[in-house]
1. Give the share of C-alpha pairs in each 5 angstrom bin for the stretch 3-135, from 0 to the last occupied bin, in whole percents, shortest bins first.
2. What spacing in nm lies between the two simple spin-label points modelled at Arg35 and Asp73, each 7 Å away from Cα in the Cβ direction?
3. Which of the lysines could a cross-linker bridge to Lys184, judged by Cα under 25 Å and excluding same-chain residues fewer than eight apart?
4. Run the dipole for the chain about the Cα centre, Lys and Arg Cβ at +1, Asp and Glu Cβ at -1, nothing else charged, and hand back the magnitude in debye, nearest 20.
5. Mind ranking 164-173, 142-151, 25-34 by how tightly packed they are, going by the mean number of other C-beta atoms within 10 angstrom, highest first?
6. I need the Debye-formula profile for the stretch 50-109: one equal scatterer per C-alpha, no solvent, reported as log10 I(q)/I(0) at q = 0.14, 0.24, 0.26 1/Å, two decimals.
7. If I model a spin label as a point 7 Å beyond the Cα along the Cα-Cβ vector, how far apart are those points for Asp150 and Thr117 in nm?
8. So what is the relative contact order for the chain, in percent, with contacts set as C-alpha pairs under 8 Å and at least six apart?
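Read-outs: derived from the displayed coordinates by stated rules, not from any lab. This one's a predicted model, so the numbers in the text were calculated from it and none came from an experiment. Positions of Cβ are generated from backbone atoms using ideal geometry, with glycine treated the same way; all protein chains shown enter the neighbour counts.
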Amino acid sequence: MERETALNLVKPQLTEHRYQHTLGVMETAITLAKRYGADEKKAEIAAIFHDYAKFRPKEEMKAIITEQNFPQDLLDFNAELWHAPVGAYLVEKEAGVTDQEVLNAIRYHTSGRPGMTLLEKIVYLADYIEPGRHFPGVEEVRQMAEEDLDQALIKAVQNTIMFLMRKNQQVYPETFHTYNDLIKIGKE
Ligand code: DGI
Ligand code: FE
Ligand code: FE
């Protein structure tokens, strides 16, 4: 799919702020794909569509999670998690994207998962470090992302878990599983 076609499908789904974030994720994902030898075109399309479902009504997302038999424990955790798997589903259904690698990069962009592919790592990290992000620690992860994708990803997941814990929020188990899987790299 052409970049313009994809952007035109995504734009009406998002606020202006979220659209600008999406453009940042797109540019960052392409840069990371070049740096780490991933498919640039897949990185571009996954990044463009990663937050496609961000503004869907909660009831619609809940119905899709139930009907499509997505992991039902999602419903016990923060609704912010839902737009990732629901996005993968809707991007296939409504935008006609069929590439499973791209759809998985969308599906796992919020929680990650054990055994993440290169493309999944790139979209997760690009979402975290795109130029529009301004939170404590983001600059450190940006620097790390230039040198070592896995170390940057570990830092991003750690920061996310610590951020949630500091706010007394629940942490979705898959986020911990992602962390545990990444942290064992090089320790076996
Ligand atoms: O959609 P974005 O804002 O661009 O970023 P995102 O999809 O990475 O994260 C969306 C939100 O989900 C963010 O506010 C943090 C939250 N989140 C990420 N991991 C977890 C989580 N919330 C809970 N409860 N548990 C998690 O493991
Ligand atoms: Fe998101
Ligand atoms: Fe995002």
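1. Using 5 Å bins, I get a P(r) of 2, 12, 22, 25, 21, 13, 5, 1 for the stretch 3-135.
2. Here the answer is 3.2 nm between the modelled labels.
3. Filter leaves Lys121, Lys155.
4. Details: 22 positive and 30 negative charges, 72 e Å.
I would put it at about 340 debye.
5. Details: 164-173: 12.4, 142-151: 15.3, 25-34: 21.7.
Taking the mean over residues of other Cβ atoms within 10 Å, the ranking is 25-34, 142-151, 164-173.
6. Those come out to -0.32, -0.95, -1.11, one per q.
7. 1.9 nm
8. Values: 243 pairs, mean separation 40.3, N = 188.
It comes to 21 percent, rounded to a whole number.
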